[in-house]
Amino acid sequence: MRKALITAAAIGLTTVTAVTATGCGAADMTKQSSPYANAAGTKTVTLSVQSWVGARANAAVATYLLEHELGYRVDTVQVDEVPAWDALSQGRVDAIMEDWGHPDQEKRYVTQKKTVTDGGELGVTGHIGWWVPKYFADAHPDVLDWKNLNKYAAQMRGPESGGKGQLLDGSPSYVTNDKALVKNLKLDYQVVFAGSEAAQITQIQQYAKDKKPFLTYWYEPQWLFNEVPMVEVKLPAYTDACAEKGTADPATIDCAYPTTPLKKFLNTEFTKKGGKAARFLKNFTWTKADQNEVAQMIAEDKLPADKAAERWVHKHPEVWKKWLK
């Protein structure tokens with residue numbers, strides 16, 4: 001997981017692990033193939049779903065179309081990011097629909113063991129950064145340079161920031177570079193965890209309602225930008241040298257998060273024996289706007305994921321019909 005600390009995988013949005021990692025010293029289970037792919041006549045697909053709403057949007061639409069257009073039964077499993085790769089290699093899940101960049105796992109399973117196959121780009125570019133509300137940036141444009149953040153620390157204080165400016169993060173389980181960045185850039189800020197993505201969204205919405213200034217760790221794609229316009233603070237540019245240094249010691253990271261084209265990965269045996277389902281998942285590609293539309297219906301409009309997917313599918317046949325070829 002060290003590599004993920006300095007790649008876009010540092011979003012680290014994790015939840016309770018539903019599938020255990022093989023772990024150091026454990027038997028090598030990576031030769032197992034998907035039980036669903038190998039069971040003759042069985043039309044079942046298992047998708048790994050991460051906890052953030054964009055990933056849930058991918059899975060919801062894929063599930064709806066696999067079930068209603070291709071006649072499969074779809075099971076979903078909520079798994080932490082790194083254990084999801086182990087589960088994919090073992091055949092416990094057939095596909096990961098949104099990966100934010102795990103080069104160590106990709107090297108091990110795609111390049112070396114060949115138990116996982118690159119499923120192509122999702123069509124969405126992922127980016128993590130620090131953001132302030134547009135209404136504050138409009139009034140104080142110099143806040144968009146990290147070198148000026150200390151100037152506004154007093155205005156960014158929160159009840160849990162200990163007299164410093166507050167940098168709002170999501171869950172303590174997220175793997176982020178924020179504490180290292182605050183320390184290494186000598187910023188008068190304290191990282192404060194909202195507790196979850198949902199809690200962070202609620203806090204941001206309340207700040208926006210009250211027109212209060214705030215500084216938050218956030219990421220694209222995310223539907224909340226539709227409701228609360230935010231502008232990114234420019235951190236020191238991401239470089240390979242910074243990434244290499246951070247790989248050796250994450251506490252040394254002093255540059256921005258990278259921008260990552262999000263990708264799909266499939267169990268290799270599933271790609272060979274998964275038939276129309278495997279082809280469909282390889283063909284699945286959509287835009288940030290598409291994903292945000294579904295995500296907002298789930299998170300903000302409180303529609304069940306299947307209903308949000310159904311609504312999007314009925315509205316956008318020109319997008320998804322190409323995936324069925």
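The values are calculated or read from the model by the stated rules, or taken from the named source; none is laboratory data. A quick note: this is a predicted structure, and the numbers were derived from the prediction, not measured. Positions of Cβ are generated from backbone atoms using ideal geometry, with glycine treated the same way; all protein chains shown enter the neighbour counts. Remember, those area values only see protein heavy atoms, side chains included, never the ligands or the DNA or RNA. Shrake-Rupley method; radii C 1.70, N 1.55, O 1.52, S 1.80 Å.
Tell me, what % of the accessible area of segment 269-325 is carbon and sulfur with a 1.4 angstrom probe? All intermediate terms of the calculation are to be shown ahead of the outcome.
Values: 1570 of 3070 Å².
The nonpolar share, carbon plus sulfur, comes to 51 percent.
Calculate the length of the line joining the C-alpha centroid of segment 138-202 to that of segment 263-301, in whole Å.
If we compute the Cα centre of each part, the gap is 33 Å.
Quick check on packing: order 215-224, 54-63 by the mean number of other C-beta atoms within 10 Å, highest mean leading.
54-63, 215-224
List the trypsin sites (Lys or Arg not before Pro) within segment 232-305 that DSSP assigns to loop and that have no more than 13 neighbouring Cβ atoms inside 10 Å.
Lys302
List, in order, the whole-Hz ³J(HN,Hα) value for each residue of segment 148-156 obtained from phi through the Karplus relation with A = 6.51, B = -1.76, C = 1.60 and θ = phi - 60°; use x for Gly and Pro.
Karplus-based 3J(HN,Hα) across segment 148-156 equals 9, 4, 4, 4, 10, 4, 4, 6, 9 Hz.
About the Cα centre, and with charges only on the beta carbon of Lys, Arg (+1) and Asp, Glu (-1), how big is the dipole of segment 127-259? Nearest 20 debye, please.
440 debye
Over all directions, average the projected area of the Cα convex hull of the chain and note it in nm².
Mean orientational projected area (the chain, Cα hull): 16.8 nm².
Could you point to the residue in Ser173, Pro261, Leu303 farthest towards the positive end of the chain's charge dipole, with +1 and -1 charges on the Cβ of Lys/Arg and Asp/Glu respectively?
Going by the charge dipole, the pick is Pro261.
Considering only protein heavy atoms and a 1.4 Å probe, what is the carbon-and-sulfur percentage of the accessible area of segment 127-259?
Ligands and nucleic acids excluded, carbon and sulfur reach 51 percent.
How many lysine pairs in segment 133-227, separated by 8 or more positions in sequence or lying on different chains, have Cα atoms less than 14 Å apart?
Taking the Cα cut-off of 14 Å, the pair count is 10.
Taking amide H positions as placed in the peptide plane 1.01 Å from N, state which residues far from Tyr238 in sequence (5 or more) or on other chains have amide H under 5 Å from it.
Answer set, sorted by chain and number: Ala256.
Non-local amide H neighbours of Gly126 (under 5 Å, H modeled in plane, Pro and chain starts lacking H): which ones?
Amide H to amide H, under 5 Å and 5 or more residues apart or across chains, Gly126 pairs with Thr260, Leu262.
Quick one: which residues, 5+ away or cross-chain, put their amide H under 5 Å from the amide H of Ala194? H built at 1.01 Å from N.
Here Asp169, Gly170 satisfy the definition.
Dipole magnitude of the chain about its Cα centre, charges +1 at Lys/Arg Cβ and -1 at Asp/Glu Cβ only, in debye to the nearest 20?
About 540 debye.
Considering the dipole of the chain built from charges on the beta carbon (Lys and Arg +1, Asp and Glu -1) around the Cα centre, which of Leu88, Ile201, Gly274 is farthest to its positive end?
Gly274
Taking all pairs of different Cα atoms in segment 185-321, averaging 1/r and flipping that mean, what Kirkwood radius in angstroms comes out?
Its Kirkwood hydrodynamic radius stands at 18.6 Å.
Compute the normalised compactness of segment 127-259: alpha-carbon radius of gyration over 2.2 N^0.38 Å, N being the residue count.
Segment 127-259 yields a ratio of 0.99.
Any idea how far the Cα center of segment 217-251 sits from the one of segment 97-129, in Å?
Measuring centre to centre over Cα atoms gives 19 Å.
Please list 3J(HN,Hα) in residue order for segment 75-80, calculated via the Karplus relation 6.51 cos²θ - 1.76 cosθ + 1.60 where θ = phi - 60°; whole Hz, with x for glycine and proline.
Going residue by residue, I get 9, 10, 10, 8, 9, 4 Hz, with x marking Gly and Pro.
Whole number in Å², please: accessible area per residue of the chain, 1.4 Å probe, ligands, DNA and RNA not counted.
So the chain comes to 43 Å² accessible per residue, rounded to a whole number.
Tell me the angle of helix 197-209 to the major Cα principal axis of the chain, expressed in degrees between 0 and 90 and rounded to the nearest ten.
Between helix and principal axis, roughly 40 degrees.
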